[in-house]
Amino acid sequence: MAALTLAPGLVYYPDYLDQQAQQSLLDDIRDIVRQAPLFTPSMPKTGKPFSVRMSNCGPLGWVSDVQGYRYQPDHPVTHNPWPPMPARLLAAWRELSGFAADPDACLINYYASDARMGLHQDKDEAEFSAPIVSLSFGATALFRYGLTEDKPSPTKSVRLRSGDAIVFGGPFRLVYHGIDRLFPGTSTLVPSDGRINLTLRKVTAVA
DNA sequence: CAGTCTCG
DNA sequence: CCGG
């Protein structure tokens, strides 16, 4: 498994999942989304909708609405508990995270071809010693990162392709990151040049 | 708290 | 493309 360290704590694994593994995980995600439909998050205060649509699996899920950002155990629309995390997702976390405890949340981000995600930090978790593990499916995306406390601007970019994994922890656990754009015609795995990103998180404090 | 927004 |  080839690992490229882009910065201390920021590790990129090109082609982490082969075609077979991507398809199997995507089948898992399809089942999850049938039970926990994609919802459209909105910004706190302003209520401006995100272009990315979301769902979750695992004990906790990340949501955002006028009330704020938070993790909660139920779907914001159906109010059902999030579906369990598939075994093969847990396996990926165990292989990539180097963290003893299993994740308690997996955010499912669905990008239509014109969806974007502005620069942000993942900081709604209580356990910053655990890394964020990200898996990409479908269209290639321009991932931009930078601006940590240790190492301020400027930002850099890397293209995330279907099957790639990226892990950020340690000094880059709170790195600012976002998706500037998708590249059409780069994959047929997700219909209509779309992209799905899975991010695994340890939300609750372990100690 | 809210810049995971939009806009120049 | 880039920003924080």
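The values are calculated or read from the model by the stated rules, or taken from the named source; none is laboratory data. Being a predicted model, the structure only gives us computed values, none of them experimental. Glycine also receives a Cβ, built like all others from the backbone with ideal geometry; neighbour counts cover every protein chain displayed. With ligands, DNA and RNA removed, areas are computed over all heavy atoms of the protein, side chains included. Shrake-Rupley method; radii C 1.70, N 1.55, O 1.52, S 1.80 Å.
Being more than 23 Å from A:Asp31 (Cβ to Cβ), in a strand (DSSP E or B) and open to solvent by less than 10 Å² (accessible area, probe 1.4 Å) holds for only one residue in A:Ser64, A:Ser136, and it is A:Ser64. Checking segment A:16-33 against the condition returns no match, with no residue being more than 22 Å from A:Gly138 (Cα to Cα) and more than 17 Å from the chain's Cα centre (by Cα).
Among the residues making up segment A:86-113, those that are touching a Leu at 6+ places or on another chain (Cβ under 8 Å), part of a loop (DSSP other than H, G, I, E, B) and open to solvent by 30 Å² or more (accessible area, probe 1.4 Å) are A:Asp102, A:Ser113. I want to confirm something. Restricting to segment A:126-167 and keeping residues that are of a type in the set (Asp, Glu) and over 30 Å from A:Asp18 (Cβ atoms), which single residue is nearest to the chain's Cα centre (by Cα)? Taking the candidates together, the pick is A:Glu127. Residues in segment A:95-112: is at least one among the acidic types (Asp, Glu) and within 12 Å of DNA strand B (Cβ to nearest atom)? There is no residue in segment A:95-112 that is among the acidic types (Asp, Glu) and within 12 Å of DNA strand B (Cβ to nearest atom). Which residues, taken from segment A:167-207, are within 16 Å of DNA strand B (Cβ to nearest atom), in a strand (DSSP E or B) and within 19 Å of A:Asp124 (Cβ to Cβ)? Hits for segment A:167-207 are A:Phe168, A:Tyr176, A:His177, A:Gly178, A:Ile179, A:Asn197, A:Leu198, A:Thr199, A:Leu200, A:Arg201. Only one of the listed residues (A:Leu200, A:Leu119) is at pLDDT 95 or above and surrounded by 15 or more Cβ atoms within 10 Å (Cβ to Cβ). That residue is A:Leu200.
Take the residues in segment A:71-84 that are in contact (Cβ under 8 Å) with a residue 40 or more places away in the chain and surrounded by 14 or more Cβ atoms within 10 Å (Cβ to Cβ), then tell me which one is nearest to DNA strand B (Cβ to nearest atom). Within segment A:71-84, the match that is nearest to DNA strand B (Cβ to nearest atom) is A:Tyr71. When A:Arg195, A:Arg144, A:Arg173 are screened for being touching a residue at least 40 places away in the same chain (Cβ under 8 Å), under 21 Å from A:Pro14 (Cβ atoms) and of a type in the set (D, E, K, R), only A:Arg195 passes. Applying the condition of being open to solvent by 60 Å² or more (accessible area, probe 1.4 Å) and in contact (Cβ under 8 Å) with a residue 40 or more places away in the chain to segment A:151-168 and asking which residue is farthest from DNA strand C (Cβ to nearest atom) yields A:Arg161.
Annotation note: of A:Leu17, A:Leu26, the sole residue that is in contact (Cβ under 8 Å) with a residue 60 or more places away in the chain, buried (at least 16 other Cβ atoms within 10 Å of the Cβ) and in a loop (DSSP other than H, G, I, E, B) is A:Leu17.
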